[in-house]
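Down below is the structure, laid out as structure tokens.
The values are calculated or read from the model by the stated rules, or taken from the named source; none is laboratory data. Owing to the predicted nature of the structure, the values given are computational and were not obtained by experimental measurement. In this analysis, Cβ positions are derived from the backbone assuming ideal geometry, glycine residues included, and neighbour counts consider all displayed protein chains.
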């Protein structure tokens, strides 16, 4: 019975991750078709979605090959992908959408936006909660996961230096992907404060995820 249950769980996870990859793939493809490809690929939303899709692909391959998921690199990478895609979810739904509404900008609501900003992040969270073995995150992982957001800030600086611009909605093209990175308009001090708050929120949420992982591991042992 235990073997049958294990096979059922494995097949369910294969199907679930395949569906996640399909949803994310469609969302990314629609974005690339709608927007300039280089510009779209320079958005944190797309990069975090691609990171999440790679993580889902690795999980799918491991489950298909019946390999265990004990690898230290694997679980660190899964955590970084999950926290990055959830950062996309929270920034879009709780920072950008209110900003767009306040400035009367048309943004979101399409299938493309729903897939990459809502569906993929929530599916990644469900994959962790339902399928991932708990108790393998380490106390330093949440700090390590900041590597991806830090990399992205550096990426935007390089992209801008080479003349890259962003135009995700109606209106003039912008030099920055998100208003809270626009130091030319708001000043370095203001942008620094925004980034600091986002960083604190990201690390805090990452440690909440770490704590949840530990709690669920203990519950499973009871």
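Is it true that residue 168 is modelled with pLDDT under 90, assigned to a loop (DSSP other than H, G, I, E, B) and buried (at least 16 other Cβ atoms within 10 Å of the Cβ)? Spelling it out, residue 168 is indeed modelled with pLDDT under 90, assigned to a loop (DSSP other than H, G, I, E, B) and buried (at least 16 other Cβ atoms within 10 Å of the Cβ).
Table: residues versus (1) within 24 Å of residue 38 (Cβ to Cβ); (2) touching a helix residue (DSSP H, G or I) at 6+ places or on another chain (Cβ under 9 Å); (3) in a helix (DSSP H, G or I); (4) at pLDDT below 90.
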site: 134; (1), (2), (3), (4): no, yes, no, no
site: 139; (1), (2), (3), (4): no, yes, no, no
site: 143; (1), (2), (3), (4): no, yes, yes, no
site: 172; (1), (2), (3), (4): yes, no, no, yes
site: 205; (1), (2), (3), (4): no, yes, yes, no
site: 212; (1), (2), (3), (4): no, yes, yes, no
site: 216; (1), (2), (3), (4): no, yes, yes, no
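When the residues of segment 174-190 are filtered to those that are part of a loop (DSSP other than H, G, I, E, B) and in contact with a helix residue (DSSP H, G or I) (Cβ under 8 Å, 6 or more places away or on another chain), the one that is surrounded by the most Cβ atoms within 10 Å (Cβ to Cβ) is 177.
Here is a list: 87, 60. Which entry is under 23 Å from residue 155 (Cα atoms), touching a residue at least 24 places away in the same chain (Cβ under 8 Å) and part of a helix (DSSP H, G or I)? Spell out how you get there, then give the answer.
On the way: 60 fails: under 23 Å from residue 155 (Cα atoms).
From the options 87, 60, the qualifying one is 87.
Within segment 139-161, track down each residue that is over 21 Å from residue 191 (Cα atoms) and touching a residue at least 24 places away in the same chain (Cβ under 8 Å). Across segment 139-161, the qualifying residues are 139, 141, 142, 143, 144, 145.
Screening residue 150 with (1) touching a helix residue (DSSP H, G or I) at 6+ places or on another chain (Cβ under 7 Å); (2) not in a loop (DSSP other than H, G, I, E, B) gives one miss only, at (1). For the condition modelled with pLDDT of 95 or more and in a helix (DSSP H, G or I), residue 96 does not qualify.
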